[in-house]
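Accompanying notes for the structure given below.
Each reported figure results from applying straightforward, stated rules to the coordinates on display, with no laboratory input. All of these numbers come straight from a predicted model, not from anything done at the bench. Here Cβ is always computed from backbone atoms with ideal geometry, including for glycine, and neighbour counts include all displayed protein chains.
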Amino acid sequence: MVLLSPSGDVALQQRNILFASTALMLIIIIPVMALTVFFAWRYRASARATYDPDWHHSLPLEVVIWSVPLLIIIVIGAITWMGTHLLDPYRPLGRISAAKPALVVKTGDVAPLPKPLVIQVVALDWKWLFMYPEQGIASLNEVVAPVDRPIEFRITASSVMNSLFIPALAGQIYAMPGMQTKLNAVINHAGDYEGFSANYSGAGFSDMRFRFHGVDSQRFEDWTRAAREKGGPLQREDYLTLEKPSEREPIRQFRDVAPDLFEAVLNRCVDRARMCTRDMMAMDAKGGGGKEGIATVMTLGDDGNQRRGGQPLPPRPFVTAICTPTDVYGTAGATARLAD
């Protein structure tokens, strides 16, 4: 029922598209079902209805049969196209609600929307970490946001693909390691709502749930103040401990959050011994590390599986050969083993 009675404007507009599309399709479905029953009754064996086996064409009937479905498809297509662009999760909000558009003209002045609240989201195994960079705090399995203030979620994952879904707020959006997705939304009614993972991600998936609280501005300030006073630290070392697989983690807050933590998670280099993916891409853009870089690659270990609670991975072979103008097949290279 939450999907049919949401508390956020984005989810409300998505619901309206669902209602409009369903109503348009019922224009075909209801007459077809009704005529099916009518024909079965009208041409029953005992009715002695007129039967014309030579009938083959009716222009009015052809017009109705083809034009009505075609018009419905055109209208549904237009609604879908406009809704897809208007409700693009990456697109900044155009309004707070139907009664509060993006720009309000007052005495000749233009009042823009409030500044969005940025929330950085990391999907862990099997819990959710929410970081508030402007406030310098973070929370586990809990989101708190002011009513009628735009929210900009920046989302990534620590290990496997996941999906963030708060039905009362907006549609689901995927979380992927090494990538960032975005979701712009707003909550219009104060309340306590459920959020969860909508993509299977392993043993603890079914308990990967969190609470979303829509509150007034004062309660939000009180909550952030309490997190700064009572929360534990969240530096890189604390995150490496937190990201280990666990289930049904209690709600808790953090203070002293490392300012570059989200970027480090996104670039897969929270562990300072690992090279960030952005640095790898920068090197590749300039031609790579050359032969000198092979030694560095061979010494890197992938301890992610062990850090997540799994067994150390066995040594695995990889090819270190590099082709050259005189050795186009790289036959001078050798196959080595990378020990974790």
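Remarks
- Region 212-228-region 1-45 distance, computed between alpha-carbon centres (Å): 42
- Extending 7 Å from Cα along the Cβ direction at T36 and again at D88 yields two label points whose distance is 4.0 nm.
- Cβ-based exposure ranking for L240, L117, L164, in which fewest neighbours within 10 Å come first: L240, L117, L164
- Annotation note: chymotrypsin sites (Phe, Trp or Tyr not before Pro) in region 1-71 located in DSSP loop regions with a Cβ neighbour count of at most 15 within 10 Å are Y43, Y51, W55.
- In region 22-84, trypsin sites (Lys or Arg not before Pro) in a DSSP loop with at most 13 other beta-carbon atoms within 10 Å: R44, R48
- Gain upon complete extension [M275, D52; 0.36 nm per residue less C-alpha separation]: 72.2 nm
- Kirkwood-based shape ratio for region 1-159, expressed as Rg/Rh from alpha carbons: 1.23
- Each of the peptides 204-210, 29-35, 214-220 was scored by the mean count of other Cβ atoms within 10 Å over its residues; in descending order, highest first, they stand as 204-210, 214-220, 29-35.
- Near A98: Cβ cut-off under 14 Å, other residues only, Lys/Arg at +1 and Asp/Glu at -1. The net charge is +1.
- Net charge, A175 excluded, C-beta distance under 13 Å - Lys, Arg +1, Asp, Glu -1: +2
- When DSSP beta bridges are restricted to pairs lying wholly in region 117-266, around 65% turn out antiparallel.
- Using a simple spin-label model with pseudo-atoms 7 Å out from Cα toward Cβ, Y200 and V63 lie 5.3 nm apart.
- Additional length obtainable on full extension of the chain from L24 to Q235, 0.36 nm per residue less Cα span: 70.6 nm
- Taken one residue at a time, the phi angles of region 168-175 give Karplus couplings (6.51, -1.76, 1.60, θ = phi - 60°) of 6, 9, 6, x, 6, 9, 6, 10 Hz. Gly and Pro are set to x.
- Whole-Hz couplings from phi, Karplus 6.51/-1.76/1.60, listed for region 225-238; x for Gly and Pro: 5, 5, 5, 5, 7, 10, x, x, x, 9, 8, 4, 5, 5
- Among 256-269, 145-158, the peptide with the highest mean count of other Cβ atoms within 10 Å heads the list, and the full ranking is 145-158, 256-269.
- Remark: region 117-266 is approximated by an ellipsoid whose semi-axes, taken from the C-alpha gyration tensor as √(5λ), come to 21, 19, 14 Å, largest first.
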